[in-house]
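Participant: The structure is given below, and queries will be raised subsequently.
The values are calculated or read from the model by the stated rules, or taken from the named source; none is laboratory data. A quick note: this is a predicted structure, and the numbers were derived from the prediction, not measured. Cβ atoms come from the backbone with ideal geometry, glycine included; neighbour counts cover every protein chain shown. Heavy atoms of the whole protein, side chains included, go into the accessibility calculation; ligands, DNA and RNA do not. Shrake-Rupley method; radii C 1.70, N 1.55, O 1.52, S 1.80 Å.
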Amino acid sequence: MQPIHHIFSQLFQPRKVVITTHQKPDPDAMGSSLGLYHFLRSFGHEVTVISPTNWAAFLDWMPGCEGVINYEMNREKSEGLVQGAEWIFCLDFNTLVRTKSLAPVIERSSATKVLIDHHQQPAIESFQFGISDTSKSSTCEMVYDFIVESGHGDQLSQSIAECLYAGIIGDTGSFRFPAASASVHRMVARLKETGLNHTQIHENIYDNFLENRLRFIGHVLTNRMEISYEYNTALIYIPKSDLLRYEIRTGDTEGLVNYPLSIQGIKMAAIVIDRDEERKWSFRSKGNVDVNTFARRFFEGGGHFNASGGRSSASLEETVRTFKKVLKENASEFNLDNK
Ligand code: 5GP
Ligand code: MN
């Protein structure tokens, strides 16, 4: 994978471009994709954003979101665009399996693939150009760097700023995680100068749910959360019946995994949700608990040191049993025992 600055000189040559990101895009995935979309369009490129799956309704306000194609709903059109693309930008993921059934389509394409991502252990052999930097707060911060370092900081518009700001607050937990560096705050100052209304963006993402979601959270925290003080860990498990009863939609469970970390002493929080095709895990931790390795080793996943995800094809009961077993057996290695 060659360094990303090698493509800077080609920005002025209009191309057919596809931008894609991971399945069920979150604010960083969608924000970085649309931020880059607006930037590349300003040079006359023909750009389409393709999401491997649907996304949460709380992202629909993003400028350009109305034009994003959901691969699962528009396979033929997406495949034509990927086949015809000269550049494919891959944002906020670093291994093609994160794009689910879109992965073989991308793999087959002869387009130049460009990676911009901040997750650990990138599969760099899949990309010709790119940047992978785990010290970055978000892929949105990296798209900002791309714009500025390419010498086109003057192209930063309010639309770009709105998209990028969404991902930055998403991935830094509204500036509380360690990755919210001085440069992140300097970048936000620059984004503000475009006219960005940060209060509005925060409301669009976090104050835009229906009543049922809050009732669901109440139910889950009361009935589906188990705390192990012995291993400083909290587990939340959600059966399909809960999702149906509360009419839970994509995005409604986002952030739920963070709640138990507010309990004194809890260093790791895990949530598993019984989705149709798989049991989907999310892990969050504080300090020296490496949930990237935890997810990678036990649940076919990965991500960041303090935030990761994984999956299981076993039943909900079975994967919960596995979690408790591996927790007990590996607590000390993951700094989760009380020693
Ligand atoms: P979330 O729990 O919010 O879905 O994901 C937390 C972090 O882990 C995100 O950065 C996400 O991209 C990553 N992640 C989530 N699920 C998986 C997975 O199955 N595999 C890998 N490699 N990363 C994941
Ligand atoms: Mn991200």
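Participant: Among Ser315, Ser332, Ser308, which is within 30 Å of Asn70 (Cβ to Cβ) and more than 16 Å from ligand 1 (Cβ to nearest atom)?
Facilitator: Details: Ser332 fails: within 30 Å of Asn70 (Cβ to Cβ); Ser308 fails: more than 16 Å from ligand 1 (Cβ to nearest atom).
Criteria check complete, one pass: Ser315.
Participant: What's the number of the only condition in (1) out of contact with any helix residue (DSSP H, G or I) (no Cβ under 7 Å at 6 or more places or on another chain); (2) open to solvent by 10 Å² or more (accessible area, probe 1.4 Å); (3) away from ligand 1 (no atom under 16 Å from the Cβ) that Asn54 fails to meet?
Facilitator: Here Asn54 clears every test but (3).
Participant: Next question. Which pairs have Cβ atoms under 7 Å, sit 6 or more apart or on different chains, and link a residue in the range 16-28 that is within 15 Å of ligand 2 (Cβ to nearest atom) and of a type in the set (Asp, Glu) to one that is outside any loop (DSSP other than H, G, I, E, B) and open to solvent by 20 Å² or more (accessible area, probe 1.4 Å)?
Facilitator: Correct list of pairs: Asp26/Gly170; Asp28/Gly170; Asp28/Asp171.
Participant: So Val257 passes all but one of these: (1) more than 16 Å from ligand 1 (Cβ to nearest atom); (2) closer than 19 Å to Asn223 by Cβ. Which condition number does it fail?
Facilitator: (1)
Participant: Considering only the range 303-334, state which residues are within 16 Å of ligand 2 (Cβ to nearest atom) and either open to solvent by 40 Å² or more (accessible area, probe 1.4 Å) or among the charged types (D, E, K, R) (or both).
Facilitator: His304, Phe305, Asn306 - these are the residues of the range 303-334 that are within 16 Å of ligand 2 (Cβ to nearest atom) and either open to solvent by 40 Å² or more (accessible area, probe 1.4 Å) or among the charged types (D, E, K, R) (or both).
Participant: Within the range 262-285, work out how many residues are more than 8 Å from ligand 1 (Cβ to nearest atom), among the charged types (D, E, K, R) and farther than 17 Å from Asn330 by Cα.
Facilitator: Summing the residues that are more than 8 Å from ligand 1 (Cβ to nearest atom), among the charged types (D, E, K, R) and farther than 17 Å from Asn330 by Cα in the range 262-285 gives 6.
Participant: Residues of the range 2-42 being among the charged types (D, E, K, R) and assigned to a loop (DSSP other than H, G, I, E, B), which ones? Can you show your working first?
Facilitator: Within the range 2-42, the subset among the charged types (D, E, K, R) is 15-16, 24, 26, 28, 41.
The answer is Arg15, Lys24, Asp26.
Participant: Collect the residues in the range 96-124 that are among the hydroxyl-bearing types (Ser, Thr, Tyr) and either touching a strand residue (DSSP E or B) at 6+ places or on another chain (Cβ under 7 Å) or free of Cβ contacts under 8 Å to residues at least 40 places away in the same chain (or both), keeping them in residue-number order. Step through it out loud before you land on a result.
Facilitator: First, the residues of the range 96-124 that are among the hydroxyl-bearing types (Ser, Thr, Tyr): 99, 101, 109-110, 112.
Of everything in the range 96-124, those that are among the hydroxyl-bearing types (Ser, Thr, Tyr) and either touching a strand residue (DSSP E or B) at 6+ places or on another chain (Cβ under 7 Å) or free of Cβ contacts under 8 Å to residues at least 40 places away in the same chain (or both) turn out to be Thr99, Ser109, Ser110, Thr112.
Participant: Quick one: which residue in Ser101, Ser181 is within 20 Å of Ile19 (Cα to Cα), over 15 Å from the mean Cα position of the chain (by Cα) and at pLDDT 95 or above? Reasoning before the result, please.
Facilitator: Values: Ser181 fails: within 20 Å of Ile19 (Cα to Cα).
One residue alone meets the criteria, Ser101.
Participant: Among (1) under 24 Å from His5 (Cβ atoms); (2) in contact (Cβ under 8 Å) with a residue 24 or more places away in the chain, there is one condition His202 misses while meeting the rest; what is its number?
Facilitator: (1)
Participant: If I ask for residues that are of a type in the set (A, V, I, L, M), outside any helix (DSSP H, G or I) and under 15 Å from Ser282 (Cα atoms), which ones from the range 305-339 would you list? Don't jump to the end; show me each part of the working.
Facilitator: First, the residues of the range 305-339 that are of a type in the set (A, V, I, L, M): 307, 314, 316, 320, 326-327, 331, 336.
Those left that are additionally outside any helix (DSSP H, G or I): 307, 314, 331, 336.
Once the filter is applied, which keeps residues that are of a type in the set (A, V, I, L, M), outside any helix (DSSP H, G or I) and under 15 Å from Ser282 (Cα atoms), the range 305-339 yields only Ala307.
Participant: Residues to consider are Glu278, Glu300; find the one that is farther than 29 Å from Ala179 by Cα and away from ligand 2 (no atom under 16 Å from the Cβ). Break it down into steps so the answer makes sense when it comes.
Facilitator: On the way: Glu300 fails: farther than 29 Å from Ala179 by Cα.
Only one candidate qualifies: Glu278.
Participant: Taking Ala161, is it more than 16 Å from ligand 2 (Cβ to nearest atom) and closer than 27 Å to Ser262 by Cβ? It would help to see each step written out before you state the result.
Facilitator: Details: more than 16 Å from ligand 2 (Cβ to nearest atom): yes; closer than 27 Å to Ser262 by Cβ: no.
The answer is no for Ala161.
Participant: Among helices (runs of 4 or more DSSP H) lying entirely in the range 164-262, which contain 1 or more residues that are more than 30 Å from Asp154 (Cβ to Cβ)? Show your work before the answer.
Facilitator: Numbers: elements: 182-192, 198-206, 211-223, 240-245.
Helices (runs of 4 or more DSSP H) meeting the threshold: 198-206, 211-223, 240-245.
Participant: Since Glu72 meets every condition but one in (1) under 23 Å from the mean Cα position of the chain (by Cα); (2) more than 16 Å from ligand 1 (Cβ to nearest atom); (3) not in a loop (DSSP other than H, G, I, E, B), which condition does it not meet?
Facilitator: That leaves (3) as the condition not met.
Participant: Go through (1) within 16 Å of ligand 2 (Cβ to nearest atom); (2) out of contact with any Phe, Trp or Tyr (no Cβ under 8 Å at 6 or more places or on another chain); (3) not basic (Lys, Arg) one by one and return the number of the condition Phe127 breaks.
Facilitator: Against the list (1) within 16 Å of ligand 2 (Cβ to nearest atom); (2) out of contact with any Phe, Trp or Tyr (no Cβ under 8 Å at 6 or more places or on another chain); (3) not basic (Lys, Arg), Phe127 comes up short only on (1).
Participant: Looking at the range 236-250, which of the residues that are under 23 Å from the mean Cα position of the chain (by Cα) and open to solvent by less than 10 Å² (accessible area, probe 1.4 Å) is farthest from Ala307 (Cα to Cα)?
Facilitator: Filtering first and then ranking leaves Ile238.
Participant: Assess whether Asp242 counts as being more than 25 Å from Thr139 (Cβ to Cβ) and modelled with pLDDT under 95.
Facilitator: Details: more than 25 Å from Thr139 (Cβ to Cβ): yes; modelled with pLDDT under 95: no.
Spelling it out, it is not the case that Asp242 is more than 25 Å from Thr139 (Cβ to Cβ) and modelled with pLDDT under 95.
Participant: Here is a further query. For the range 132-155, does any single residue satisfy the condition of being small (Gly, Ala, Ser), touching a Pro at 6+ places or on another chain (Cβ under 8 Å) and within 13 Å of ligand 2 (Cβ to nearest atom)? Steps first, answer last, please.
Facilitator: Just the residues of the range 132-155 that are small (Gly, Ala, Ser), to begin with: 132, 135, 137-138, 150-151, 153.
Filter once more, keeping what is touching a Pro at 6+ places or on another chain (Cβ under 8 Å): 132.
Restricting the remaining residues to those that are within 13 Å of ligand 2 (Cβ to nearest atom) gives 132.
Yes, the range 132-155 has at least one match.
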